[in-house]
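Just below is one structure, and these are the notes that go with it.
The values are calculated or read from the model by the stated rules, or taken from the named source; none is laboratory data. It should be emphasised that the depicted structure is a prediction, and the values quoted were computed from it without experimental measurement. Neighbour counts run over all protein chains shown; Cβ positions are idealised from the backbone, glycine included.
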Amino acid sequence: MGSTAAEQAAIWQRLAAMPTPSLQALFAADPGRVEAMTLRLAIAGDEVAPTTMLIDWSKTHLHADTLAAFEDLAEACDFAAARAALFDGGIVNVTEDRAATHSAMRGSGTPAQVEEAEALLARMGMLVEAIHEGALGEVKHLIHIGIGGSALGPALAIDALTRDLALVDVHVVSNIDGLALEQAFAACDPATTLIAIASKTFTTIETMTNAASALKWLSDHGVADPGGRVIALTAAPEKAVEWGVDETRVLPFPASVGGRYSLWSSIGFPVALAVGMEEFTAMLAGAKAVDDHFRTAEGRANGPLMAAFADQYYARLRGCQTRAVFAYDERLKLLPDYLQQLEMESNGKGVLADGSAVSGPTAPVTWGGVGTDAQHAVFQLLHQGTHLIPVDFIASIAPGNALDPAHHRNLLMNCLAQGAALMAGKAAEDPARSYPGDRPSTTFLVDDLDAAMFGALIAFHEHRTFANAVLMGINPFDQFGVELGKAMAKAIDSGEEAFDPSTTALMIAAGLR
Ligand code: F6P
């Protein structure tokens, strides 16, 4: 059962008092370390030939004693109850008095939630298939307009899953900077373009401004019924109808699905349109495989929880202010952007779910890039800089390209070499040429980055974020931190509020006053 803050604090003290052997010392002390610190998750396929996600934490500083303490911490934080509440439709988003039912969209939730999700996805599937069959005339392009959680997931999924074939050419536009929309216009033929307006609230200023401009672009280019080319993806269907979208083309999703967790809902419509419903369903199934694991595995055997142990260890005990993610896979080059919102908007908080102040650092800054490009740009700092940065490497054993296998072999060799080099380091007489080593990394090695594995990777990170939140006592499902800036922008627009001298001077210089 759960315990008091004092008990949790005592566990943190226990953790802080533990010695911190080097990675090399940990390997030397335990010949079974790789096996003990590696998890293999079966994601798809069958028992005879499963496709797996392998996660190797052996190059992190976690060891038997720290893991035992983190398992105690999870118990003291009532992790099992929090997890049950997540899947059982409990009010886990306490500040907004809501459940968080994104997992139900892929079949993990209460029967009522799953039934509702299935009905909503069936509706989306019907529209997707109707469009593929020509119900809306010839459709070659989709301009998907949304921002934050209504754009980052679709953009990542489309980039990852349509390298071979896109059934429809999708352009995701988020920024209110008109350049973004103009770029999409330049790549699309108005006569064969649909517009998706993706907004949970259907009030976001960037999205509504871009949507209006997209409609104007259609009508300026002779499209007779621009409104008839619009599909709305939203948890506020009444607002979409009020805005002018025909009810038959409004694809709702439940308000209990958070924006940054909404890829699985109708926000995933552009993905389904680009890859087809079969692939979209495979993506959901891969995510469900991780749900099933997260729901049932305990302690260090639970992948997302284990990842959160490592995250907490580095953020709270080793003072790491950032964590880096490098996918050695061109298809995942947008993953850091996606994870930034998922992790930083969820856990970048200063108060606990009960409103009291947090007692330590919360979400580290998530950043990263794609390998091998990043090696030639930022890895200098990882190897020799003064920051300690835990790194995640992600790679697929099967290549995503049909070129000479030397490409992929080289890519994988580089990925593995970086983890080895960060850990081993190298002494040299010349200090400028020596590497301190003992720098941690975790490696995710998937059999193949297909739709199911992609869904699994994303669900893994959703649950990792949740597990981190539980260990810190944070509500990961609200985001009030974004509101003040929005209100200030409105105040600048109305001209009714007084601002500080610097901002006032800048407003005058920018021609806003
Ligand atoms: O401002 C932040 C935010 O509310 C995100 O949480 C959300 O994903 C994004 O804006 C877009 O919101 P909406 O989908 O309601 O347009």
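When residues of region 134-152 are filtered for being within 22 Å of Ser262 (Cα to Cα) and not in a loop (DSSP other than H, G, I, E, B), how many remain?
Total meeting the criteria: 8.
Would it be correct to say that Asp88 is farther than 28 Å from Gly299 by Cβ and among the acidic types (Asp, Glu)? Please lay out each step first, then the result.
Working: farther than 28 Å from Gly299 by Cβ: no; among the acidic types (Asp, Glu): yes.
No, not satisfied.
Do we have any residue at all in region 277-287 that's closer than 27 Å to Leu67 by Cβ and surrounded by fewer than 23 Cβ atoms within 10 Å (Cβ to Cβ)?
Checked against the condition, which is being closer than 27 Å to Leu67 by Cβ and surrounded by fewer than 23 Cβ atoms within 10 Å (Cβ to Cβ), region 277-287 yields no hits at all.
Taking the options Ala421, Ala432, Ala398, Ala428, name whichever one is loosely packed, with under 12 Cβ neighbours inside 10 Å and touching a strand residue (DSSP E or B) at 6+ places or on another chain (Cβ under 9 Å).
Answer to the check: Ala428.
Hey, can you tell me all the residues within region 463-493 that are surrounded by fewer than 24 Cβ atoms within 10 Å (Cβ to Cβ), within 16 Å of the ligand (Cβ to nearest atom) and assigned to a helix (DSSP H, G or I)?
Within region 463-493, Phe480, Gly481, Val482, Glu483, Leu484, Gly485, Lys486, Ala487, Met488, Ala489, Lys490 meet the criteria.
Return the pairs, sorted by first residue and then second, in which the second residue is of a type in the set (S, T, N, Q), the first residue lies in region 301-317 and is touching a residue at least 60 places away in the same chain (Cβ under 8 Å), the beta carbons are less than 6 Å apart, and the residues are 6+ apart or on different chains.
Ala308/Asn468; Ala310/Thr60; Asp311/Asn468
If I filter region 25-39 for residues that are assigned by TED's automatic domain parsing to the domain that holds Ala310, within 30 Å of Leu284 (Cα to Cα) and touching a residue at least 40 places away in the same chain (Cβ under 8 Å), do I get at least one hit?
Among the residues of region 25-39, at least one is assigned by TED's automatic domain parsing to the domain that holds Ala310, within 30 Å of Leu284 (Cα to Cα) and touching a residue at least 40 places away in the same chain (Cβ under 8 Å), which makes the answer yes.
Considering each residue of region 209-251, count those that are closer than 24 Å to Val128 by Cβ, surrounded by fewer than 18 Cβ atoms within 10 Å (Cβ to Cβ), within 15 Å of the ligand (Cβ to nearest atom) and in contact (Cβ under 8 Å) with a residue 24 or more places away in the chain, and give that number.
Within region 209-251, residues that are closer than 24 Å to Val128 by Cβ, surrounded by fewer than 18 Cβ atoms within 10 Å (Cβ to Cβ), within 15 Å of the ligand (Cβ to nearest atom) and in contact (Cβ under 8 Å) with a residue 24 or more places away in the chain number 1.
If Gln183 passes every condition in (1) assigned to a helix (DSSP H, G or I); (2) within 13 Å of the ligand (Cβ to nearest atom); (3) under 28 Å from Ile458 (Cβ atoms); (4) of a type in the set (S, T, N, Q) but one, which one does it miss?
(2)
Among the listed residues Ala99, Ala196, which satisfies the condition of being more than 16 Å from the ligand (Cβ to nearest atom), at pLDDT 95 or above and crowded, with 18+ Cβ neighbours inside 10 Å? Give the steps one after another, and end with the answer.
On the way: Ala196 fails: more than 16 Å from the ligand (Cβ to nearest atom).
Every option except Ala99 fails the conditions.
Taking the stated definitions as given, is Ala117 of a type outside the set (D, E, K, R) and crowded, with 16+ Cβ neighbours inside 10 Å?
Values: of a type outside the set (D, E, K, R): yes; crowded, with 16+ Cβ neighbours inside 10 Å: yes.
Criteria met by Ala117.
For Gly385, indicate whether it is exposed (fewer than 15 other Cβ atoms within 10 Å of the Cβ) and small (Gly, Ala, Ser).
Details: exposed (fewer than 15 other Cβ atoms within 10 Å of the Cβ): yes; small (Gly, Ala, Ser): yes.
Criteria met by Gly385.
Of the residues Ile131, Ile197, only one is in a strand (DSSP E or B) and more than 20 Å from Leu334 (Cα to Cα); which?
Ile197
Tell me which residues, restricted to region 17-59, are surrounded by fewer than 18 Cβ atoms within 10 Å (Cβ to Cβ) and under 30 Å from the mean Cα position of the chain (by Cα).
Passing the criteria: Val34, Glu35, Ala36, Thr38, Arg40, Ala42, Gly45, Asp46, Glu47, Ala49, Pro50, Leu54.
Residues of region 324-346 being among the polar types (S, T, N, Q) and crowded, with 23+ Cβ neighbours inside 10 Å, which ones?
Within region 324-346, Ser346 is the sole residue that qualifies.
Being under 23 Å from Arg409 (Cβ atoms) and out of contact with any helix residue (DSSP H, G or I) (no Cβ under 7 Å at 6 or more places or on another chain) is the filter here, so list the residues in region 365-378 that pass it.
Asp373, Ala374, His376, Ala377
Which residue is nearest to Ala198 (Cα to Cα), if the candidates are limited to region 247-284 and must be among the hydroxyl-bearing types (Ser, Thr, Tyr) and assigned to a helix (DSSP H, G or I)?
Ser266
Tell me which residues, restricted to region 1-33, are of a type in the set (S, T, N, Q) and under 18 Å from Asp78 (Cβ atoms).
Matches in region 1-33: Ser3, Thr4, Gln8.
Being under 14 Å from the mean Cα position of the chain (by Cα) and part of a loop (DSSP other than H, G, I, E, B) is the filter; apply it to region 321-347 and report the residue that is farthest from the ligand (Cβ to nearest atom).
For region 321-347, the residue satisfying everything is Lys333.
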